[in-house]
Amino acid sequence: MSYFYFLPIKRKILVEKYKSILDISLENDILIEHNCGGNCACLSCIIYVKRGISKFNKVSNKEKYQLKKAKKIKRGYRLACKSYLVKESYRDIVIYLNK
Ligand code: FES
């Protein structure tokens, strides 16, 4: 079992592996903009993973391209629609919604 801890709203959510951050947030009434509908094309869903980034899937070339366009290529920045847990974490994964 792993948990996301969303900041600055201070919400802790139990999460499943292989489900995108965007899907998890929407299921729990946490708003993350997603103007392109989760197709890695709009940059509106950028989030920052403060703790636990090593537990996520690798950044694809398309996601990397989009993050580069937004000048958010540093470790920890992800598109919520394309990132999901691939490993369990015993510590809370900390995610900033306001990047
Ligand atoms: S929702 Fe558009 S890039 Fe993620």
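The values are calculated or read from the model by the stated rules, or taken from the named source; none is laboratory data. Everything numeric here is computed off the predicted structure, so don't read it as measured data. Please note: Cβ atoms are built from the backbone with ideal geometry, for glycine as well, and neighbour counts cover all protein chains shown. The protein model used for the area step is the full one, side chains on, heavy atoms only, and it has no ligands, DNA or RNA in it. Shrake-Rupley method; radii C 1.70, N 1.55, O 1.52, S 1.80 Å.
Take every DSSP beta bridge with both residues inside region 2-96 and express the antiparallel ones as a percent of the total, to the nearest 5. Show your work: numbers first, answer last.
Details: 13 of 17 bridges.
The answer is about 75 percent antiparallel.
Which lysines, on any chain, are close to Lys12 with Cα under 22 Å apart, when same-chain ones fewer than 8 places away are left out?
Output for Lys12: Lys50, Lys55, Lys82, Lys87, Lys99.
With unit charges on the beta carbons (Lys and Arg positive, Asp and Glu negative) and the dipole taken about the Cα centre of region 47-99, which residue among Phe56, Ile73, Tyr84 sits farthest to the positive side?
Checked the options; the winner is Ile73.
When the dipole is taken about the Cα centre of the chain, and only Lys, Arg (+1) and Asp, Glu (-1) are charged at their Cβ, what size is it in debye, to the nearest 20?
Values: 22 positive and 8 negative charges, 141 e Å.
Dipole size: approximately 680 debye.
Have a look at Ile21, Ile46, Ile73 and tell me which one the Gaussian network model of the chain (Cα, springs below 10 Å) gives the largest fluctuation.
Highest fluctuation among the options: Ile73.
Hey, in the chain, which Cys have no second cysteine's beta-carbon closer than 4.7 Å?
Lacking a cysteine Cβ partner under 4.7 Å: Cys40, Cys45, Cys81.
Report the relative contact order of the chain, percent, no decimals, based on alpha-carbon pairs under 8 angstrom and at least 6 residues apart. If you can, show how the numbers build up before the last one.
Working: 188 pairs, mean separation 43.1, N = 99.
Once normalised by length, the contact order is 43 percent.
At 222 nm, what value in deg cm²/dmol follows for the chain if DSSP H runs of at least 4 each add -39500 (n - 2.57) and the sum is divided by all its residues, to the nearest 500? Walk me through the numbers before you get to the answer.
Working: 2 runs with 16 residues, N = 99.
So the helix-based figure for the chain works out to -4500 deg cm²/dmol.
Which part of region 15-47 falls in the paramagnetic zone of Lys69, meaning amide N under 12 Å from the point 7 Å along Cα-to-beta-carbon?
36, 39-45
Throw me the Rg/Rh for region 52-99, computed over C-alpha atoms with Kirkwood Rh, two decimals. Before the final figure, lay out each step's value.
Details: Rg = 10.9 Å, Rh = 11.4 Å.
Using Cα coordinates only, the ratio equals 0.96.
For region 2-96, which whole-number percentage of the solvent-accessible area (1.4 Å probe, protein heavy atoms only) is attributable to carbon and sulfur atoms?
Values: 2720 of 5600 Å².
Carbon plus sulfur share of accessible area: 49 percent.
Rolling a 1.4 Å sphere over the protein heavy atoms, what is the accessible area per residue of the chain, to the nearest Å²?
Working: 5990 Å² over 99 residues.
Ligands and nucleic acids excluded, the result is 61 Å² per residue.
What number comes out for the charge environment of Arg91, summing +1 per Lys or Arg and -1 per Asp or Glu over other residues with Cβ under 15 Å away? Can you show the working numbers first?
Numbers: positive: Lys12, Lys50, Arg51, Lys55, Lys87; negative: Glu88, Asp92.
That works out to +3.
Would you calculate the separation in nanometres between label points at Lys19 and Cys42, each defined as 7 Å from the Cα along the Cα-to-beta-carbon direction?
With each label placed 7 Å out from Cα toward Cβ, I get 2.2 nm.
In sequence order, what are the phi-derived ³J(HN,Hα) couplings for region 15-25 according to the Karplus relation 6.51 cos²θ - 1.76 cosθ + 1.60 with θ = phi - 60°, rounded to whole Hz, with x for glycine and proline?
Karplus values, whole Hz, x for Gly and Pro: 10, 9, 5, 6, 10, 5, 4, 4, 4, 4, 5.
Once you mark the chymotrypsin sites (Phe, Trp or Tyr not before Pro) that are in a DSSP loop and have at most 12 other Cβ atoms within 10 Å, what is the longest gap between them in the chain?
On the way: sites that count: Tyr18, Tyr90.
By the stated rule (loop sites, at most 12 other Cβ atoms within 10 Å), 19-89.
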